[in-house]
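The values are calculated or read from the model by the stated rules, or taken from the named source; none is laboratory data. Since the model is a prediction, treat every value here as computed from it, not as a measurement. Reconstructed Cβ throughout: ideal geometry from the backbone, glycine too, with neighbour counts over all protein chains shown.
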Amino acid sequence: MTELNQKKKTRILLFGFINLNVMDGSAVFLSGITTMLSMSPNLEIDIVLANGVRRDLLVRPLIDLPNVNVISPYEEPDLISSAPAWLEKNQMTYNEASKVVQYYWEKADYDWFFIRGLEVAEELLKLESSILKSTLLYVTGITHENQVLSKEKYENLEKLFDISAYLLCQTDEMKQFLIRKFTKVQIEKVITLNPMIPDTTPNFEDVFEKREAYTRLCYTGKFDVGWNSIPIVIAFRELREDHPSLTLEIAGDKFNFRKDDRYFVNDLKYLLSNTENLTWYGALSRNQARNLIINSDIGITWRDKSMDASLELSTKLLEYGSLGKPAILNPTAMHKRLFGEDYPLYAESIDDFIEVIDNIQKDPLIYEIAAKRMFDVSQNFTYSQTLNKLLPFLNKDKRYLKTFFTKNGFICPSVLEDNFFQGTINELLKINLVSTKSGQLSPDSVCILKPVSAIEDVKSLFTKISELGKIVDSLILDNISINIISKNIGPISENFLYNINNGKFEELLDNISHQTYIRNIQNGKNSSNQRTISLPEEELISYQPGAVNSGNSNNTDLYSELNLQKNEYKKLEKKYNALVNSRLGKLTIKYWGLKRKLKG
């Protein structure tokens with residue numbers, strides 16, 4: 001192996017001001033970006049937790065990732081010896097979090113710092129921390145086109161955006177908004193880090209289940225007025241009058257309280273607990289939630305019209321699609337750009353929602369068309385695809401690429417250099433080489449490169465190489481295999497045998513093996529059982545035992561019978577409290593008023 005290929009792994013410190021004990025979109029994002037980064041064997045990730053572990057639905061899978069180190073400040077002797085206030089509260093302030101991050105940054109030789117939490121980053125700015133120059137800052141809190149920022153907030157953000165190495169935005173719409181809104185933001189330092197979902201399969205037929213009727217609705221996520229939580233249940237109750245076989249399964253336990261609607265939570269809990277054919281599981285792990293989706297037919301990501309100007313894209317929407325399930329969603333400009341004007345499951349109002357479900361019951365072909373459309377779009381948002389787009393930005397300089405060609409007597413092709421560092425290489429490329437001595441095209445050599453993330457990629461790469469000749473030298477940079485080939489008109493079989501005995505063949509297979517291992521962890525198939533932090537001995541799960549297949553054959557061993565009994569007790573207690581505290585009369589009037597309006 002050449003010296004070039006012995007370059008040290010890129011080390012990343014990752015922090016989100018997010019409570020991973022709570023199953024919500026932010027926590028799933030932090031878990032997802034950690035898993036996505038871990039798919040590259042050339043990256044080492046240290047993730048610092050903002051809260052001590054009380055529930056491990058999201059933390060436990062991260063501990064199983066071989067190149068991820070989960071760090072809890074709540075177990076760091078140097079930090080807790082003085083009994084800081086955040087230790088007892090199990091929660092830090094923004095300022096406290098910034099000092100904890102600074103502590104870990106100074107402890108090790110990191111290349112990059114990923115952070116989700118603008119307020120913590122602003123505290124780092126006050127500390128004049130050098131960390132910001134190596135920071136990839138995930139921009140949150142700027143969610144709508146018409147959002148108004150105070151002068152002070154605007155100036156603080158502009159300073160922060162200017163000093164950070166890169167800004168990460170969830171969508172192209174948000175990227176363009178930032179460039180327009182903040183004069184100092186340069187387009188080349190803004191990266192679209194799209195919502196990301198676990199890899200499944202590139203074949204629609206592998207996940208799509210054709211059936212005579214599609215009657216199983218599914219919602220997973222938080223509960224909020226803007227998320228149409230109550231109208232979804234109201235519409236479902238109405239639909240069952242004409243379609244009694246319909247079912248609705250719901251997962252989630254995060255309720256956003258509203259000061260302007262103080263009965264929202266109790267009203268919703270009453271509906272969740274007292275609607276026929278509706279099953280509410282509470283919080284599920286990501287794998288359990290995915291299994292819930294797999295066992296359903298129709299996903300729900302329908303939101304209030306006030307959310308139509310959002311610059312954000314729902315990760316759950318993409319996850320439904322990747323598992324072969326269509327989702328009901330609003331016809332926003334972003335959704336139309338992604339899924340087309342003619343996507344058949346758009347809904348703006350409760351009437352539209354009911355009509356869409358009714359149409360699927362009458363014509364199942366509508367379902368298949370929507371499922372295929374959503375699946376195709378979702379393939380652009382997998383962990384693998386997202387990683388391929390991001391990796392080029394994590395190379396701090398271009399020396400490895402240039403030196404590779406120079407030492408072999410060639411000029412680094414400018415087209416390759418530009419494409420590689422812009423992250424736009426997504427297929428096999430054949431590039432002619434120019435000699436450093438003559439300045440002319442080499443008649444005897446050529447460069448072949450290709451992104452490699454599956455066995456099929458290695459096979460097609462080495463087949464193409466062997467058709468041309470034999471490998472002179474290779475460089476694996478991120479997930480791109482770069483090969484200098486000496487042209488040879490000899491037998492392809494002879495070339496192939498020579499090329500697969502090259503050490504690069506084995507190294508590519510090792511990379512793929514690593515990625516496969518990560519994908520298996522996503523699906524709950526692998527567990528390293530190595531822990532660097534303490535996990536709760538008991539996990540009081542809030543889903544109904546046996547109702548969802550978690551995919552873990554050791555589930556019975558993990559959760560004792562006593563724990564399940566405790567869980568049943570807790571559920572009964574919650575249901576009782578919801579019934580006692582809910583304003584049944586008010587809710588009933590609201591419901592039947594809606595029914596009369598719909599019927600009229």
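So here's what we get for this one:
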item	result
Lys459 vs. criteria without any contact (Cβ under 8 Å) to a residue 24 or more places away in the chain and either part of a helix (DSSP H, G or I) or in contact with a strand residue (DSSP E or B) (Cβ under 9 Å, 6 or more places away or on another chain) (or both)	yes
Leading residue by the ranking (modelled with the lowest pLDDT) among those in region 99-130 that are aliphatic (A, V, I, L, M) and touching a Lys or Arg at 6+ places or on another chain (Cβ under 8 Å)	Leu127
Qualifying residues in region 204-221 (those that are under 23 Å from Leu284 (Cα atoms) and within 22 Å of the chain's Cα centre (by Cα)) - the one surrounded by the most Cβ atoms within 10 Å (Cβ to Cβ)	Tyr219
Test: residue in region 164-177 that is modelled with pLDDT under 95, surrounded by fewer than 16 Cβ atoms within 10 Å (Cβ to Cβ) and within 30 Å of Thr332 (Cβ to Cβ)	yes
Subset of region 183-205 (residues that are part of a helix (DSSP H, G or I) and free of Cβ contacts under 8 Å to residues at least 60 places away in the same chain)	Ile187, Glu188, Lys189, Glu205
Number of positions in region 464-481 that are closer than 23 Å to Asn511 by Cα and at pLDDT 90 or above	7
Residue that is farthest from Asp267 (Cα to Cα), among those in region 229-238 that are in contact with a helix residue (DSSP H, G or I) (Cβ under 8 Å, 6 or more places away or on another chain) and touching a residue at least 40 places away in the same chain (Cβ under 8 Å)	Glu238
Filter result for the condition that a residue is β-branched (Val, Ile, Thr) and in contact with a helix residue (DSSP H, G or I) (Cβ under 7 Å, 6 or more places away or on another chain), over Thr143, Thr200, Thr215	Thr200
Positions within region 359-381 being under 24 Å from Asp172 (Cα atoms) and either more than 25 Å from the chain's Cα centre (by Cα) or of a type in the set (Asp, Glu) (or both), in sequence order	Asp376
Search result, residues across region 239-264 that are touching a residue at least 60 places away in the same chain (Cβ under 8 Å) and over 22 Å from Ser26 (Cα atoms)	Leu239, Asp242, His243, Leu246, Tyr263
Tabulated pairs, region 31-48, first under 16 Å from Tyr110 (Cα atoms) and at pLDDT below 95, second surrounded by 24 or more Cβ atoms within 10 Å (Cβ to Cβ) and not β-branched (Val, Ile, Thr), C-beta under 8 angstrom, 6+ apart or interchain	Leu43/Leu37
Given (1) buried (at least 16 other Cβ atoms within 10 Å of the Cβ); (2) in a loop (DSSP other than H, G, I, E, B), number of the condition Asp109 does not satisfy	(1)
Some residue of region 68-80 being buried (at least 22 other Cβ atoms within 10 Å of the Cβ) and within 26 Å of Cys169 (Cβ to Cβ)	yes
Residues being small (Gly, Ala, Ser) and either touching a Cys at 6+ places or on another chain (Cβ under 8 Å) or closer than 22 Å to Lys316 by Cβ (or both) - total across region 21-62	6
Residue ranges of helices (runs of 4 or more DSSP H) in region 333-414 with at least 3 members of a type outside the set (D, E, K, R), touching a Leu at 6+ places or on another chain (Cβ under 8 Å) and farther than 30 Å from Met36 by Cα	350-362
The one condition in (1) at pLDDT below 90; (2) in a helix (DSSP H, G or I); (3) over 30 Å from Leu137 (Cα atoms) that Phe420 fails to fulfil	(3)
Conditions (1) touching a residue at least 60 places away in the same chain (Cβ under 8 Å); (2) at positive phi: number failed by His144	(2)
Tally of residues being outside any helix (DSSP H, G or I) and farther than 17 Å from Lys153 by Cα across region 117-130	3
Number of the condition not met by Thr247 [criteria: (1) within 18 Å of Leu311 (Cβ to Cβ); (2) in the same structural domain as Glu368 (by TED's automatic domain parsing); (3) of a type in the set (Ser, Thr, Tyr)]	(1)
Qualifying residue in region 96-103 (condition: surrounded by 17 or more Cβ atoms within 10 Å (Cβ to Cβ), small (Gly, Ala, Ser), in contact (Cβ under 8 Å) with a residue 40 or more places away in the chain and over 30 Å from Glu155 (Cβ atoms))	no
Enumeration of residues in region 155-182 that are in a loop (DSSP other than H, G, I, E, B) and within 22 Å of Glu123 (Cβ to Cβ)	Ser164, Ala165, Phe182
Ser384 vs. criteria over 28 Å from the mean Cα position of the chain (by Cα) and of a type in the set (Ser, Thr, Tyr)	no
Lone unmet requirement of (1) buried (at least 20 other Cβ atoms within 10 Å of the Cβ); (2) over 26 Å from Thr140 (Cα atoms); (3) out of contact with any helix residue (DSSP H, G or I) (no Cβ under 8 Å at 6 or more places or on another chain) for Glu241	(1)
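Quick grid of which residues meet (1) more than 29 Å from Pro41 (Cα to Cα); (2) among the β-branched types (Val, Ile, Thr):
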| position | (1), (2) |
| --- | --- |
| Asn69 | no, no |
| Glu75 | no, no |
| Pro84 | yes, no |
| Lys89 | yes, no |
| Thr93 | yes, yes |
| Ser98 | no, no |
| Val101 | no, yes |
| Trp105 | no, no |
